[in-house]
Amino acid sequence: MQRVTHMFNAFLQVVSKELKGAFRHPSDILNPIWFFVIVVTLFPLAIGSDPALLKRIAPGIIWVAALLAALLSFERLFKDDFIDGTLEQLMLTPFPLAWLVCAKVFAHWLLTGLPVLLVSPLLALFLALDTETYTALFLTLLIGTPILSLLGAIGVALTVGLRKGGILLSLIMLPLSIPILIFSTMAIDAAAYGQSYLGLLALLAAMLVAAITLAPFAIAASLRVSVS
Amino acid sequence: MLHCKKLTCVHEDRIIFNDLSFTVAPGAIVQVEGANGAGKTSLFRLLVGLASPSAGAVFWQGKAISTVRDSFHQQLLYIGHKTAVKAELTALENLQFFQKMQVSHGELNLWDILAKVGLAGYEDITTSQLSAGQQRRVALARLWLNNCPLWVLDEPFAALDKLGIAVLERLFIKHAQAGGMVLLTTHQDLTIDCSLLSKIVLTDAAGNSYV
């Protein structure tokens with residue numbers, strides 16, 4: 001019982017340290033969000049402001065932009081910790097590395113996934129989405145962004161020791177995220193046509209559960225390889 | 001008790017050291033010496049379990065460290081070349097994090113500890129604004145706030161001034177006399193009494209020698 005308390009305490013410590021550090025350098029959090037907003041607003045400028053057309057392609061645009069913004073933010077997940085030795089120290093705590101890695105990914109989602117959710121109503125407005133479609137978009141982002149954070153963390157853990165891991169990270173990460181993209185846009189399309197999309201959401205949720213249970217072990221193993 | 005049995009470390013087809021065996025008993029201060037590139041840091045990374053040896057094994061209290069990882073890490077304090085001090089946090093926040101990540105931590109006054117390492121007045125400044133020596137002191141402040149018997153310190157004196165080194169040497173002696181173990185690398189000559197101190201010399205050639 002006492003061990004469980006210690007483990008939760010360690011989780012909270014890691015999360016609060018991450019948040020504290022991030023708020024000292026707000027640009028790290030704000031830049032990906034700015035990028036997300038700007039990419040989405042470029043589309044109406046480039047393809048014209050026909051509401052029917054925008055409404056049709058909006059979910060795809062928002063999802064792809066969210067994916068690219070997530071890619072931008074991954075680097076900071078382990079890079080600084082790798083450089084300053086924090087990663088080594090996390091491996092030398094009496095707690096399982098996979099557990100501490102969960103805390104890091106959770107903090108990362110709070111700093112990058114959550115803001116995407118928060119600005120999404122604004123973008124829905126830009127792209128003339130109706131409430132029904134927006135609700136579906138929001139739900140898919142809510143379930144999908146944590147999966148992106150977990151998958152991205154595996155990619156970062158594998159590439160953190162490399163000098164120029166950024167491109168490699170995109171090459172690992174983007175193909176892995178295709179299933180999420182497909183199911184999310186399918187759910188949103190179904191919502192746009194007024195059909196039920198609960199089944200598709202359930203599939204996404206199943207992916208999230210699989211990612212939460214399996215990814216931390218993959219991340220921890222990859223980090224051990226990268227550090228040694 | 002830490003025991004190494006026939007450790008071999010190979011880096012990209014180059015043998016760093018070979019068949020290295022030694023034992024560190026409670027109350028010992030062990031200085032690992034060797035030229036640059038002789039494998040001091042590699043040895044320490046094997047000892048703490050950050051890397052695995054190409055051959056041989058490290059034993060803690062008679063058990064291989066890979067099998068008792070959690071309890072070994074509970075009793076180990078490792079400070080490497082990279083100090084794990086977060087540049088965007090203050091000295092106090094860094095120390096608080098280290099304190100709270102330990103399983104058993106007493107109610108130590110962190111302000112007192114920072115004063116002991118000569119950082120009084122710098123507690124609330126982000127460590128990115130401190131000098132290299134002061135950042136090292138933040139990392140070394142961890143020595144005061146734990147009760148781990150085994151200390152593994154890679155170049156603890158790097159960037160420290162003479163006074164800082166003297167304080168640390170006294171702390172090592174106190175720790176060893178209380179039954180702790182200290183392993184360190186340094187190029188400095190230690191002024192520690194010979195009965196406590198022993199040396200391991202890593203030579204450049206494939207062989208190795210001890211004193």
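Readers should treat all values here as calculations from the given coordinates under stated rules, not as data from a laboratory. As the structure is a prediction and not an experimental result, all values here were calculated from the model. Neighbour counts are summed over all protein chains in view; Cβ atoms, including those assigned to glycine, are modelled from backbone coordinates with ideal geometry.
Just a few scattered comments:
- Relative contact order for segment B:56-208: 24 percent, from Cα pairs under 8 Å spaced at least 6 residues apart, divided by residue count.
- Under the criterion of Cα pairs below 8 Å and six or more residues apart, the relative contact order for chain A equals 25 percent.
- Among the helices of chain A, those built from whole DSSP H runs whose Cα atoms reach 24 Å or more along their own axis and whose mean Kyte-Doolittle hydropathy is at least -1.0 are A:2-24, A:27-47, A:51-84, A:131-159, A:198-227.
- Among the lysines of segment A:2-227, pairs that are 8 or more positions apart or on different chains and have alpha carbons within less than 21 Å of each other number 6.
- Top of A:14, A:156, A:105 by mean-square fluctuation, Gaussian network on chain A, Cα under 10 Å: A:14
- Note on residue A:55/residue A:225: beta-carbon distance plugged into 1/(1 + (r/R0)^6) with R0 of 45 Å gives a FRET efficiency of 0.45.
- Computed from the Cβ-Cβ distance with R0 of 30 Å, the FRET efficiency linking residue B:129 to residue A:167 stands at 0.35.
- Spin-label pair residue A:20/residue B:203, simplified geometry with 7 Å Cα→Cβ offset, distance in nm: 4.9 nm
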